[in-house]
Structure formats: structure tokens, C-alpha cells
1. Looking only at the range 1-23, how many residues end up being within 25 Å of Gly215 (Cβ to Cβ) and either free of Cβ contacts under 8 Å to residues at least 40 places away in the same chain or β-branched (Val, Ile, Thr) (or both)?
2. Could you list all residues from the range 80-120 that are closer than 17 Å to Ser18 by Cβ and hydrophobic (A, V, I, L, M, F, W, C)?
3. Answer with yes or no whether Thr132 is over 24 Å from Phe25 (Cα atoms) and more than 20 Å from the chain's Cα centre (by Cα).
4. Would you check if Leu228 is assigned to a strand (DSSP E or B) and either closer than 26 Å to Glu171 by Cβ or hydrophobic (A, V, I, L, M, F, W, C) (or both)?
5. Considering every residue within the range 172-179, establish whether at least one is at pLDDT 90 or above, polar (S, T, N, Q) and surrounded by 16 or more Cβ atoms within 10 Å (Cβ to Cβ).
6. Take Lys121 and tell me if it is within 25 Å of Leu200 (Cβ to Cβ) and free of Cβ contacts under 8 Å to residues at least 40 places away in the same chain.
7. So which residues in the range 247-267 are at pLDDT 95 or above, outside any loop (DSSP other than H, G, I, E, B) and within 18 Å of Arg231 (Cβ to Cβ), if there are any at all?
8. Look through Glu270, Glu241 and report the one residue that is touching a His at 6+ places or on another chain (Cβ under 9 Å), farther than 14 Å from Thr31 by Cα and either surrounded by fewer than 18 Cβ atoms within 10 Å (Cβ to Cβ) or hydroxyl-bearing (Ser, Thr, Tyr) (or both).
Amino acid sequence: MVKSGFCELAQFGLVRFSGEEARDFLHNQLTCDVSALEPGRSTYGAYCTPKGRVLVTFLLWRAAEGYYMQLPSSLREPIQKQISKYILRSKVKAADATPEWALLGVMGKDAAALAQRVAGKVPQAVHELAQTPEATVIRLPGDRFEIVAASDKARSILESLAAGSEKADAEQWLLQIIRAGVPVILPPTQEEFVPQMVNLDLIGGVSYDKGCYPGQEIVARMHYRGTLKQRMYLATIGSGEQPQPGEKLYSPDFGDQACGTVVNTARSPEGGHDLLAVVQISAAGRGNLHWKAPDGPELRLLQLPYSVTDG
């Protein structure tokens, strides 16, 4: 279990969608079931191209003032612009909410106690929110809580966190995201995968019961016809050099043809690096995976916290 600590999550940005038609608009744009998202709840999801390829993955939650989409800072502006093209005459506003809020992560075996001490209360179930006068607290998979604090409250909350735990860097938070099996799509991997390839359907980020959204036909066909040949796996590699998102994996069975793609990586406290990678299911079953070349550094597959299926 990871050592308890906290970090600032400056690597993420926020887009706020508000207006009386925000729910229906987002429901018709995203892979997740926005219409069923109650106040005080969050969900993972994706925004896709018409061909069903993932442009971004996100954490979405519903607050009194609208819906907040948390996504990598490097993609906040282009994704906001892309989605805004489809607002047209809808009664919806999309705004950059990043400057208004400080995003703080709390992780480790004492994360719940630490988050409660600084925020007043914490949610009991994963993806639940707790609202306090100081902040919104979101419980995430793994031993993780996110504190969303008004910018003018952030300094005092950080000081309280520092008084009871150790400050970590952003890569340690990413490591916990990786070990929870949650993909973070970045510019090098945009349009590389359909949602099921990065296991979004296994972590509540895809609804097969909703109506159309960009790419819905491709996503649904892959589900109902069982044509999925790649899934995302958790692995570790002993190399001192860090793999990067978008780099390829190989298996002797595939010769010089790549059989997988790195999604996210982070340094492991046990040495080497942990990573998420989308891999041909047949190659993952054999377990003989290598980075960069068929005879490159070998990966060792690890157990994800949820079951990976091929459907």
C-alpha cells in the first residue's frame, strides 16, 4: 500500500458546463451516461471522434452550478473548443474553470483520515462527492481522494495537509491512477484507441443503453459483435529509462509488427516503472512482451484491480 501523502494536481484542468440544457448536451456528446449522473456523484468517460477513437478521457462530476470535466491540462483548451462547436443554439455554456479551483490529491492508507481532517468529511463510496464549506471531496478508485478547493482556500488546505503528511510529486499520483487501471489519454495517444481498448467499459465510462454520441455506432458494434482484439493491461518494467505514451510494444509471436502501445507510465518505488498499455489480447495471454523491439526490455504483467474481459 502506498505511503500516505498529498500533491497538487496542476497537470489537470477543468471545464464547467452550465445552463438548463447542459445535461442533455453532454449526454449526446460523451460515452458515459450523463443523464443518470446524480448530484454528488462522479464518473469516468471519454469524448470520441465520429470513428469512435478516443480524443480524451476525463472525470466528470455534477455540482449545483453545473458539470465539471477534469482532463489533462494539455488537452483542456482544444477539447473545450471542439465540444463547444456543437453547442450551437443549445442553452449551454462551456467555460475554463481551472483558475477558480485548486485540485489536490490525497493518497495512501491514511488518505481518508487526512482528507477528513482538512475538509471536514469524506464520501464513503467510490465516485461519491462530499460537499463542505471548504471544498468538494471526491473518492476515487484505490486509496485516493481528490479535494477541489476554491483558489483562495487552497493555501490554508495545503498548510493543513503539510502538517500531517508528506508532500508527493505529480508522478506519484499518476502511479496510483495507473495501478487503479484508469487511462489518461494524452496528445501522443489521441485517436489511437476505441473506449473498450482502454477498459473504459470496465470502469463505468461507457453506457450501451444511451442514444447516439460521436462514435457510438462503432463502440456499440464492437461490444455487441465481440470484435475487440485489444485490451489495456498493467505491467512493470525494470528499465531505468522510462517508456513514454505512444511508444510500441512487441512480442516474438508478432515478429517486427507492434502488438501494443504504451498509454501511461510512472516511476515505481519498487524500482523501474509501472505502466498501462493497450496490447493484443493474444499477445498478453502469452505474456512475452517487450518494449521498443522484439528483443527489447521485457515487461511483466501485473494484476489490475478489476477483471479484464475480451468482450
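1. 1
2. Within the range 80-120, Ile83, Ile87, Leu88, Val92, Ala94, Ala95, Ala97, Trp101 qualify.
3. Against the criterion (over 24 Å from Phe25 (Cα atoms) and more than 20 Å from the chain's Cα centre (by Cα)), Thr132 qualifies.
4. For Leu228, the condition - assigned to a strand (DSSP E or B) and either closer than 26 Å to Glu171 by Cβ or hydrophobic (A, V, I, L, M, F, W, C) (or both) - is not met.
5. Of the range 172-179, the ones at pLDDT 90 or above are 172-179.
Within this subset, residues satisfying the condition of being polar (S, T, N, Q) are 172, 176.
So of that shortlist, the ones also surrounded by 16 or more Cβ atoms within 10 Å (Cβ to Cβ) come out as 172, 176.
Checking the range 172-179: at least one residue is at pLDDT 90 or above, polar (S, T, N, Q) and surrounded by 16 or more Cβ atoms within 10 Å (Cβ to Cβ).
6. Numbers: within 25 Å of Leu200 (Cβ to Cβ): no; free of Cβ contacts under 8 Å to residues at least 40 places away in the same chain: yes.
When the stated conditions are applied, Lys121 does not pass them.
7. Selection gives Lys248, Leu249, Tyr250, Gly260, Thr261, Val262, Val263, Asn264, Thr265.
8. So the residue among Glu270, Glu241 that is touching a His at 6+ places or on another chain (Cβ under 9 Å), farther than 14 Å from Thr31 by Cα and either surrounded by fewer than 18 Cβ atoms within 10 Å (Cβ to Cβ) or hydroxyl-bearing (Ser, Thr, Tyr) (or both) is Glu241.
The values are calculated or read from the model by the stated rules, or taken from the named source; none is laboratory data. Everything quoted here is computed from the prediction, not taken from an experiment. Cβ sites come from the backbone with ideal geometry, for glycine too, and all protein chains shown count toward neighbours.
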